[in-house]
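Notes for the one structure printed next.
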Amino acid sequence: MAELLYLKEAEQVVTVAGASDKPKVGEDLSEIGVIERGSVIVEGEKIAFAGTDADARHYLQKRSGKVKTIEATGKILTPGLVDPHTHLVFAGSREQELTMRLKGKSYMSILQAGGGILSTTKSTRAATADQLAHESRLRLDRFLQHGVTTVEAKSGYGLATDAELKQLRVAQQLNNEHPVDVVSTFMGAHAIPPEWKQDPDGFVQLVAEEMIPQVAAENLAEFCDVFCEEGVFTVAQSQYILEEGKKHGLKPKIHADELVSFGGAELAAKVGAVSADHLLKASPTGIEQMAEAGVIAVLLPGTAFFLMTEPANARAMIEAGVPVALSTDRNPGSSPTESLPFIMNLACLTMKMTPEEVLAASTINAAHAIGRAKDIGSIEAGKNADLVLFDAPNYQTLQYNYAVNRVDTVMKAGKIVVE
Ligand code: NIG
Ligand code: FE
């Protein structure tokens with residue numbers, strides 16, 4: 001019989017329970033199921049019990065076999081954090097662009113001059129799969145140190161069939177090797193590569209007719225994403241790619257309305273996207289349509305912070321009934337960080353989300369945004385034992401003591417991976 005692991009008497013267990021079928025919206029986003037003096041019992045890879053410590057002791061009396069106790073006094077326990085939007089697999093870095101932007105160049109003008117995403121495309125194309133795996137593994141290690149136990153990872157720095165497949169195979173390899181689970185998204189439509197600059201529709205054709213079928217045939221992704229933005233992919237091109245993806249079983253996601261109001265939120269509702277991400281410039285109509293269609297808004301306040309722009313209007317989205325999730329957008333250009341806890345701080349301080357909303361948005365709603373809410377995102381009997389102990393006396397401290405990593409212990413599928 002497997003040994004039981006008894007996480008004993010945390011000051012608070014933040015369960016975020018009861019929303020595995022549907023993401024949390026509106027006022028329910030603040031209902032995070034806090035158990036004071038709570039304990040959690042883990043059996044194998046799963047959570048066996050979550051409740052008050054008094055009830056945990058009763059539960060243990062009825063069980064035989066070995067029990068290993070981890071004292072959680074003075075700490076809080078939350079579900080493993082979930083990051084539903086990263087560009088994890090790439091080579092190289094772009095520090096010089098920060099200096100360029102500080103001197104007044106815009107993110108888009110750097111891309112249009114062949115830098116930005118295209119500069120990472122150059123280094124990613126040139127890298128071997130081993131080099132890509134090595135660089136990306138270090139990023140996953142840092143995610144884990146910050147309490148993140150599952151990430152989504154997009155391709156989109158290959159921008160040619162072989163290079164896109166190379167990125168996705170590395171993501172799959174890392175999913176198998178690393179404690180952090182990696183959920184893959186195909187994003188061949190991330191930018192127009194230089195060799196297709198004169199024929200963008202030709203590139204769109206290549207993405208739809210060659211890349212998508214191969215990605216699906218090799219089972220390399222669950223989602224398909226498009227950078228729908230002025231000067232990148234039009235609404236019509238984006239719709240075409242997402243519809244073709246759907247035909248091959250890839251669920252749609254969209255980089256929408258990041259830099260200008262472009263109809264991305266509306267398109268997300270129209271194609272039934274699982275999520276629309278960024279949304280800094282989403283229109284009120286787009287927000288309404290997302291609420292009606294149940295599209296999750298994945299908000300990335302770190303990207304707004306690093307690009308020195310206004311973040312998305314989270315309050316309007318929550319009030320309109322849009323399910324909101326949070327993510328780092330980890331990438332080398334617009335958000336080079338693995339600290340989801342700092343993103344949570346920014347959500348609070350720059351978008352006025354409450355500490356409760358922030359926690360729900362980074363756990364259960366984020367799990368919904370990558371189709372994993374049945375298994376992760378909350379502390380409930382039967383779910384995967386992905387858990388974080390924070391060295392903090394209450395959950396509000398995580399937002400109050402901003403930019404400080406309070407992670408104490410991380411457990412992935414019942415195993416301690418950070419301590
Ligand atoms: O989500 N906006 C487009 N894509 C990424 C940035 C990619 C990059 O700059 O390398 C984003 O911000
Ligand atoms: Fe992104």
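Checking each residue in the range 213-236 for being farther than 17 Å from GLY264 by Cβ, of a type in the set (A, V, I, L, M) and in contact with a Leu (Cβ under 7 Å, 6 or more places away or on another chain) picks out VAL215, ALA216, LEU220, ALA221. Name the residue that is farthest from ligand 2 (Cβ to nearest atom), counting only residues in the range 296-341 that are small (Gly, Ala, Ser) and in contact with a Ser or Thr (Cβ under 6 Å, 6 or more places away or on another chain). Of everything passing the filter in the range 296-341, GLY302 is farthest from ligand 2 (Cβ to nearest atom).
Condition test on ALA347, is it part of a helix (DSSP H, G or I) and in contact with a helix residue (DSSP H, G or I) (Cβ under 8 Å, 6 or more places away or on another chain)?
Working: part of a helix (DSSP H, G or I): yes; in contact with a helix residue (DSSP H, G or I) (Cβ under 8 Å, 6 or more places away or on another chain): yes.
It is true that ALA347 is part of a helix (DSSP H, G or I) and in contact with a helix residue (DSSP H, G or I) (Cβ under 8 Å, 6 or more places away or on another chain).
Contact map, the range 303-325: residues that are at positive phi paired with residues that are modelled with pLDDT of 95 or more and surrounded by fewer than 18 Cβ atoms within 10 Å (Cβ to Cβ), Cβ distance under 7 Å, separation 6+ or inter-chain. Pairs shown: GLY321/GLY26.
Condition check for ALA171 on (1) among the hydrophobic types (A, V, I, L, M, F, W, C); (2) outside any helix (DSSP H, G or I); (3) within 16 Å of ligand 2 (Cβ to nearest atom): one failure, at (2). Restricting attention to the range 188-246, the residues that are over 25 Å from the mean Cα position of the chain (by Cα), of a type in the set (D, E, K, R) and either closer than 19 Å to ILE110 by Cα or crowded, with 19+ Cβ neighbours inside 10 Å (or both) add up to 2.
Put simply, of THR128, THR124, THR73 the only residue that is polar (S, T, N, Q) and within 30 Å of ILE41 (Cα to Cα) is THR73.
Scan the range 243-264 for residues that are assigned to a strand (DSSP E or B), more than 16 Å from ALA191 (Cα to Cα) and either aliphatic (A, V, I, L, M) or out of contact with any Leu (no Cβ under 6 Å at 6 or more places or on another chain) (or both) and the total you get is 1. Only a single item in (1) in a helix (DSSP H, G or I); (2) in contact (Cβ under 8 Å) with a residue 40 or more places away in the chain is not met by GLN96, and it is number (2). Tell me, which residue of the range 143-168 that is hydroxyl-bearing (Ser, Thr, Tyr) and within 16 Å of ligand 2 (Cβ to nearest atom) is farthest from the chain's Cα centre (by Cα)? Filtering the range 143-168 for residues that are hydroxyl-bearing (Ser, Thr, Tyr) and within 16 Å of ligand 2 (Cβ to nearest atom), the one farthest from the chain's Cα centre (by Cα) comes out as TYR157.
Here the range 219-230 is the region considered, the condition is being within 16 Å of ligand 2 (Cβ to nearest atom) and not charged (D, E, K, R), and the residue that is farthest from SER261 (Cα to Cα) is ALA221. Screening the candidates ALA163, ALA113, ALA133, ALA129 for the property of being without any contact (Cβ under 8 Å) to a residue 60 or more places away in the chain, touching a Phe, Trp or Tyr at 6+ places or on another chain (Cβ under 9 Å) and among the hydrophobic types (A, V, I, L, M, F, W, C) yields one hit, ALA163. The residues on offer are VAL358, VAL322, and the sole one that is part of a helix (DSSP H, G or I) and modelled with pLDDT of 95 or more is VAL358. Scanning the range 269-284 for residues that are closer than 18 Å to LYS22 by Cα, of a type outside the set (S, T, N, Q) and within 16 Å of ligand 2 (Cβ to nearest atom) yields ALA273, VAL274, ALA276.
The values are calculated or read from the model by the stated rules, or taken from the named source; none is laboratory data. Small disclaimer: the values here were computed from a predicted structure and weren't measured. Neighbour counts are summed over all protein chains in view; Cβ atoms, including those assigned to glycine, are modelled from backbone coordinates with ideal geometry.
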